[in-house]
Each structure stands twice: as structure tokens, then as C-alpha cells.
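Below is one structure, written out as C-alpha cells, with a few remarks after it.
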Amino acid sequence: MPIIKSAIKKMRRDARRRAATLKIKGALKKVVKTAHQKPTEATLSAAQKSLDKAAKTGLIHKNKAARLKSRLVRAARKSAKR
């Protein structure tokens, strides 16, 4: 446990930020999973929007967002052919 006052404050702040980050990442995973399971235009649009927002805020890397979006579109096209 930290002894210095500023370190104690930093620990509290980090805990709050981590909780917020985990909440957002959980929601992001849920949206992407839904889009992957049921690739409709609405679910794909929602997933792409949330991935772009996450990349913009630095939650995930922009290349990861691009990769996930690409895979979602590829899966949607594959399921549309069937």
C-alpha cells in the first residue's frame, strides 16, 4: 500500500478509471459479439461506430479497430452468400 498522499490519490483515481474502462470494453465486446453472431446492417453499423469511438478515445489501438471491422464485414459477406 502506498504511504505518500499523492500515491494514495493516484491509486484511487486509477481504480475509478479502470472500472470505467472495463465497463466500456465490456459493452464493446458485447456489441462486436452481437454483430458477429447476427450480421445485420444495424448491428454492423453499431459495432463499427463503437469500435471507431473506442479507437478515437485510445481505448483500443486504431489498427485493432480496423482489423475487427474488417473481420466483421468479411463474416457478414460470408453469411450473406449462404
Handout entry: Prolate/oblate/rounded call for the chain, Cα gyration tensor, a/c under 1.5 rounded
Key = prolate
Fill in the blank from the handout: Taking R0 as 30 Å and r as the Cβ-Cβ distance between Lys56 and Ile3, the FRET efficiency 1/(1 + (r/R0)^6), rounded to the nearest 0.05, comes to 0.20
Problem - Folded to 0 to 90 degrees: helix 5-37 orientation relative to the chain principal axis, Cα - result: 10
Completion exercise
Measuring from its Cα centre, the chain shows a charge dipole (+1 at each Lys and Arg Cβ, -1 at each Asp and Glu Cβ) which, in debye to the nearest 20, is 160
Exercise for the section: Work out the charge dipole of the chain with +1 on the Cβ of Lys and Arg and -1 on the Cβ of Asp and Glu about the Cα centre, then indicate which of Thr40, Met1, Ser79 is farthest towards its positive end. Expected result: Met1
Completion exercise
If one compares the long axis through the Cα atoms of helix 62-81 with the longest principal axis of the Cα atoms of the chain, the angle in degrees, nearest 10, works out at 30
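Add -39500 (n - 2.57) for each DSSP H run of 4 or more in the chain, then divide by its residues: what number comes out at 222 nm, to the nearest 500 deg cm²/dmol?
It comes out at -30000 deg cm²/dmol, rounded to the nearest 500.
Readers should treat all values here as calculations from the given coordinates under stated rules, not as data from a laboratory. Bear in mind that the values here come from a model prediction, so they are computed numbers and not experimental data. Methodologically, a virtual Cβ is constructed for each residue, glycine included, from the backbone with ideal geometry; neighbour enumeration extends over all protein chains shown.
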